[in-house]
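Worksheet for the structure shown next.
Read the figures in this text as sums done on the coordinates, not as results from a lab. Everything quoted here is computed from the prediction, not taken from an experiment. No Cβ is skipped: glycine too gets one built from the backbone with ideal geometry, and neighbour counts run over all protein chains shown.
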Amino acid sequence: MAYTGEVKDSGPQTRELSRLTVTKVSVGPMDNNAYLLRCTSTGEQVLIDAANDAATLLALVGPSGLARVATTHQHGDHWQALAEVVAATSARTTAGADDVAGIPVPTDEPLVDGASVPVGDCTLEAIHLVGHTPGSIAYLYEDPDGIAHVFTGDSLFPGGVGNTRGNKANFESLIGDVSRKLFDRLPDSTWVYPGHGNDTTLGAERPSLPAWRARGW
């Protein structure tokens, strides 16, 4: 099956990059996206958001094991399966330093802006986006042989930034961080993998930034 990023009804889909494979699956009653990244040269794997359905996630991981679980933020629907996945795999855990207190599974590697998360011979960069939660992290993979890929959790979706629950200061922080750290830095071709729903690109969303600012959410 060709990768479309629409996995709610299709089951897992895998995208093969030159040095990394990305498998996306929807889990749990809130249709959270989880992403299994595998380095093609070493076989090392990292899971972004052990959101729910531990059995589904562990079946994706398979016998190759799991080096890390990288959590995007502290909201409970993004870590319901974290304890079970860690217990089964002995994976290390990463999350934004400012969200660690809200995640009941200990975080082995608290992340700050610009921190590196290895996936075998590949590297993810932690991008701290404040607003949806204090410590939300987007994980950026800049493919040396292709486009950039960013896993945004609940900070950026098709159609807007994440929910800031009517808090003006949090919205201004989030739209500012997303604008500066993603849209101002990365090209239109950058592929966006959100915490729920379908994928998008920065190019598809960029024209809407003024409208998002004007509506305030």
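Rounded to the nearest 5, what is the percent of antiparallel bridges among the DSSP beta bridges in the chain?
The antiparallel proportion sits near 70 percent.
Quick check: the distance between the Cα centres of the range 2-76 and the range 147-217, to the nearest angstrom?
21
Relative to the Cα centre, what is the charge dipole magnitude of the range 114-195, using +1 at the beta carbon of each Lys and Arg, -1 at the beta carbon of each Asp and Glu, and rounding to the nearest 20 debye?
Roughly 460 debye for the range 114-195.
Grab the other residues whose beta carbon is less than 14 angstrom from that of Thr40, score K and R as +1, D and E as -1, and report the net.
Spelling it out: positives minus negatives among the neighbours equals -2.
Relative contact order for the range 137-196: what is it in percent, counting Cα pairs under 8 Å that are at least 6 residues apart?
Reported relative contact order: 44 percent.
According to the square roots a ≥ b ≥ c of the eigenvalues of the Cα gyration tensor, what is the shape class of the range 77-170, taking rounded for a/c under 1.5, prolate for a/b larger than b/c otherwise, and oblate for the remainder?
oblate
Which FRET efficiency, nearest 0.05, do Ser179 and Ser18 yield, Cβ-Cβ r, R0 30 Å?
Taking R0 as 30 Å, the efficiency between Ser179 and Ser18 is 0.50.
7 Å from Cα along Cα→Cβ at both Thr40 and Ser90: what's the point-to-point distance in nm?
3.0
Express the relative contact order of the range 101-171 as a whole percentage, based on alpha carbon pairs under 8 Å and six or more residues apart in sequence.
Rounded, it is 20 percent for the range 101-171.
Give me the Kirkwood hydrodynamic radius of the range 102-217, using the inverse of the mean 1/r over all pairs of distinct Cα atoms, in Å to one decimal.
One over the average 1/r among Cα pairs gives 14.6 Å for the range 102-217.
Taking 45 Å as R0, compute the FRET efficiency from the Cβ-Cβ separation of Thr4 and Lys168 and round it to 0.05.
The value I calculate is 0.80.
About its Cα centre, what dipole magnitude does the range 1-121 give when the only charges are +1 on Lys and Arg Cβ and -1 on Asp and Glu Cβ, stated in debye to the nearest 20?
340
For the range 1-124, rounded, prolate or oblate, judged on the Cα gyration tensor with a ≥ b ≥ c (square roots of eigenvalues), a/c < 1.5 rounded, else prolate if a/b > b/c?
Oblate, since a/c reaches 1.5 and b/c is not below a/b.
Give me the net charge of Thr133's neighbourhood, meaning all other residues with Cβ under 9 Å from the Cβ of Thr133; Lys, Arg count +1, Asp, Glu -1.
Counting the neighbours of Thr133, the net charge comes to -3.
What does the charge count around Val100 come to, taking other residues whose C-beta lies under 13 Å from its C-beta (Lys +1, Arg +1, Asp -1, Glu -1)?
Net local charge, Val100 excluded: -4.
With a cut-off of 8 Å between alpha carbons and a minimum separation of six or more residues, what is the relative contact order of the range 15-109 in percent?
Across the range 15-109, relative contact order equals 21 percent.
Please rank Leu156, Leu186, Leu17, fewest neighbouring Cβ atoms within 10 Å first, as an exposure proxy.
Going from least to most buried by this count: Leu17, Leu186, Leu156.
Sequence neighbours fewer than 8 away in the same chain don't count; with that in mind, list the lysines whose C-alpha is under 21 Å from Lys8.
Counting by Cα, and skipping residues close in sequence, Lys8 has these lysines nearby: Lys24.
Please give the calculated 222 nm ellipticity per residue for the chain, where each DSSP H segment of at least 4 residues contributes -39500 (n - 2.57) and the sum is spread over every residue; nearest 500 deg cm²/dmol?
-4500 deg cm²/dmol
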